[in-house]
Each structure stands twice: as structure tokens, then as C-alpha cells.
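Have a look at the structure below, then the notes.
The values are calculated or read from the model by the stated rules, or taken from the named source; none is laboratory data. This is a predicted model, so every value here is computed, not measured. Backbone-built Cβ (ideal geometry, glycine too); neighbour counts: all protein chains shown. Calculation scope for accessible area: heavy atoms of the full protein, side chains included, ligands and nucleic acids excluded. Shrake-Rupley method; radii C 1.70, N 1.55, O 1.52, S 1.80 Å.
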Amino acid sequence: MLRIAVLVSGGGTNLQALLDAKARGEIPHGEFVRVIASRPDAYALTRAASAGIEGVVISRKSFADLAAYDAAILASLQECGAQLVVLAGFLSILGPTVIHAYRDRIINIHPALIPSFCGKGYYGLRVHEAALERGVKVTGATVHLVNEIPDGGRILMQKAVEVKDGDTPEILQRRVMEQAEWLLLPRAVEEQCALWETRLQTSDGR
Ligand code: GRF
């Protein structure tokens with residue numbers, strides 16, 4: 001089983017979807033070992049505690065610069081033996097040290113169909129506001145690998161969601177979560193765990 005760390009900043013409904021999927025036996029190749037929050041008040045920490053998973057807070061503002069923050073995150077990941085990293089509503093920027101150390105092993109969920117409404121400045125409700133402003137009839141969610149380009153890594157899974165007349169950003173956000181994010185993320189995590197379990201065993205020569 002791959003050891004998974006989840007990075008969060010907010011409510012943690014995507015974390016909850018992962019924990020529920022694990023409890024249902026849908027992530028047999030992975031186990032959640034630590035939740036790292038970028039803010040002490042992230043409700044995701046309560047969800048982690050309820051599931052018996054260790055939660056730690058690493059606040060961006062406690063560190064002088066991105067390099068120091070990045071080093072602290074890497075140290076925490078290594079300390080808990082994380083082999084796969086999932087960004088589930090993590091709003092801080094991940095620096096090059098972590099990205100390099102976990103090349104192709106960091107997964108993010110973005111609430112739009114990349115390459116639409118993505119990149120710098122597109123996070124949270126802003127993504128859905130932009131989709132409504134543009135008048136698209138279909139949006140969705142994307143699970144992708146993380147590289148140095150914001151929302152620029154290889155796409156793993158996408159699912160489309162209908163935009164309806166009268167949608168507000170909040171209503172659309174909720175529909176995208178229910179119909180796409182909470183389904184895709186656990187599936188993508190299990191898929192990557194199974195893949196990396198095989199790869200790591202092969203590289204160990206076992
Ligand atoms: C989700 O829409 C996710 O796609 C985005 O931030 C939101 C986080 O929600 N990156 P939650 O904390 O998982 O409830």
C-alpha cells in the first residue's frame with residue numbers, strides 16, 4: 001500500500017470523499033498517513049481527526065519565504081514517509097523542492113475542464129465565476145499531475161458537468177463537486193497508487 005499525504009487549506013470535502021472511499025474499500029492500494037493544512041482553522045483538520053489521521057499545520061505566513069515553506073513541507077512529507085501527495089483544495093503554492101522530490105507523484109484537483117479557467121488566479125469560487133461570466137454551457141473537473149506550471153501538469157481524468165440557467169457560482173461549485181470532484185479524485189488516487197506500487201516494487205528489484 002502506498003503512503004498518502006493530503007494537503008488542504010479549507011473545508012476538506014474532497015478529503016472527506018477520499019476518506020469515505022477508503023472506508024468503503026475503494027482505495028485498496030493506498031493508506032492516508034497525514035493531512036497537512038496551510039491554515040490552523042481548516043475544517044479539513046477536524047475531518048482528519050475524526051478519521052484517526054494525524055493532522056499538522058504548516059502555515060505559509062510562519063515562514064520567511066517560499067523556499068523555507070517548501071523545505072518545511074518536504075520535511076513533513078518525508079517524516080511521515082509519504083509516497084504520494086494529494087492536493088485537495090490546497091491554496092498555497094507548492095515550491096520546486098517538493099515538486100522535484102515528488103515528480104509525477106503529486107495529484108491536484110481543479111474545478112474546471114483544463115485548459116479552461118485555470119492557471120494563476122483561478123482557484124475556489126473564482127473559477128466558477130469565470131465560467132459563468134464566459135457563458136459556457138459545460139464545465140467540470142480535472143485531476144492532473146503537478147509540475148512547475150500552475151495547473152499545467154499531465155491530465156489524468158476529466159468529467160464534464162452541465163451549467164444550468166440561473167446558476168450562481170456557489171450552486172455551480174456544489175454541482176461540480178457532487179457530480180465530478182468527489183467521484184474523480186478517489187478514482188484517480190487509487191489508480192496512481194496501484195501504478196506507483198508496481199513502479200516502486202520494480203525499482204526496488206523486489
Ligand atoms: C475544490 O473545488 C477544489 O477543486 C479546489 O478547491 C475546492 C476545495 O474544496 N481546488 P474542499 O476543501 O475539498 O471542500
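For the reader, a short list of remarks on this structure follows.
- Charge context of T168, other residues only, Cβ under 10 angstrom, K/R +1, D/E -1: -2
- For V57, neighbours were defined as the other residues whose beta-carbon sits under 13 Å from its Cβ, and their charges (Lys and Arg +1, Asp and Glu -1) total +2.
- G12 long-range amide H proximity, modeled H, under 5 Å: A44
- Among the trypsin sites (Lys or Arg not before Pro) within segment 4-83, those in coil by DSSP and having at most 11 neighbouring Cβ atoms inside 10 Å are R24.
- Measuring nothing but protein heavy atoms, the accessible surface of the chain at 1.4 Å probe radius is 52 percent carbon and sulfur.
- Computed from phi, the 3J(HN,Hα) profile of segment 136-144 under the Karplus parametrisation 6.51, -1.76, 1.60 (θ = phi - 60°) reads 5, 9, 9, 10, x, 9, 10, 9, 9 Hz, with x in place of Gly and Pro.
- For the pair K61 and T46, the difference between a 0.36 nm per residue extended length and the Cα-Cα distance amounts to 3.3 nm.
- Accessible area per residue, Å², the chain with all protein chains present, probe 1.4 Å: 48 Å²
- Take each peptide in 74-83, 7-16, count the other Cβ atoms within 10 Å of every residue, and average; sorted highest first, the result is 7-16, 74-83.
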